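What follows is calculated from the coordinates using simple rules that are stated; it is not laboratory data. Worth saying up front: this structure is predicted, and the values here are computed from it rather than measured. With ideal geometry, Cβ positions are generated from the backbone for all residues, glycine too; neighbour counts draw on all protein chains shown.
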Amino acid sequence: MFGGRPGPGGPQIRIPTGGRRRGGRGGPSSIVVVIIVALGLWIFAGVNPIQVLEMLVQQETGGSITTSQPQPQQRTAEQTAQDDERGEFMSVVLADTETTWDQIFTENDSTYRPPTLVIYSGFTQTSCGLGNAATGPFYCPADEKIYIDLSFFDLLDMRLGAPGDFAQAYVLAHEVGHHVQKLTGVLERSNEFRQRAGEREANAMSVRVELQADCYAGVWANAVDNLGFVEEGDIDEALGAASAVGDDGLQRRQQGYVVPETFNHGTAEQRSRWFRIGYVSGNPADCDTLNASDL
């Protein structure tokens, strides 16, 4: 089991609560705009527009819009306790990533600005648009927050065959890796490239960005291992999780075949290999997937 201790003051974690906000009458807040938003999320973020409409659209005469998660499903006492335990564990992991990256940035005469972790259920509003649990954990560079619906770990365990607390830690460390990319300018440069490139080239760049985040997760694992927080079997759990979320395996599971030119995260072999590279090296400089000739 992986363990650690939060730093002074603890990491920044926000748990959204339910609530409603009154919408104005007429103008751009009409049902037409809601439909346009839903379709836009479908096209650009892969969010099911029906789910969006079900969440956003209330009776027109009521004039209210749900702005946080939908009515939560009933959770058993055991599931609630498990969520509490997972939330506490995410706090520990986040704190340890802060310690790791703060030291690395300091050694390079820079300052690390830690992200905020938001734990939510179902849907949540973000500066990058509507967050949907169906898309899995994600990082929003616009608000520098990491969004995680804890139910994803049930999927990771039972459906993808990647159980264990260090598998969960890998997921968060990967998203923190994207935050590091935001601070170092990698996300901005790669996004500019994708905007100019064709679909195939844009997907290839996305793969390189994702693999670097996997490698950065490995760098973090190296750091906590050196502190004595990693036990036997932990690294295998992380490698199993990295492999489980490879594009080839996910596509084969979902549609029965793979389309390599549509990959945007990397294969199971690539993801686990780059995590291992970061773990063995412990040096972020060895994670330059953007210029690597062989992924």
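Summarising the strand pairing of the stretch 78-287, around 60 percent of its internal DSSP beta bridges are antiparallel. Around the amide H of residue 125, modelled in the peptide plane, lie the amide H atoms of 131, all under 5 Å away and 5 or more residues distant in sequence or on another chain. Residues whose amide H lies under 5 Å from that of residue 138, counting only those 5 or more places away or on a different chain, are 147; hydrogens are built 1.01 Å from N in the peptide plane. Relative to the Cα centre, the charge distribution of the stretch 78-287, modelled as +1 at Lys and Arg Cβ and -1 at Asp and Glu Cβ, gives a dipole magnitude of about 960 debye. For the stretch 78-287, the orientation-averaged shadow of the C-alpha convex hull comes to 11.6 nm² (one quarter of the hull surface).
Each part reduced to its alpha carbon centroid, the stretch 208-258 and the stretch 122-193 end up 13 Å apart.
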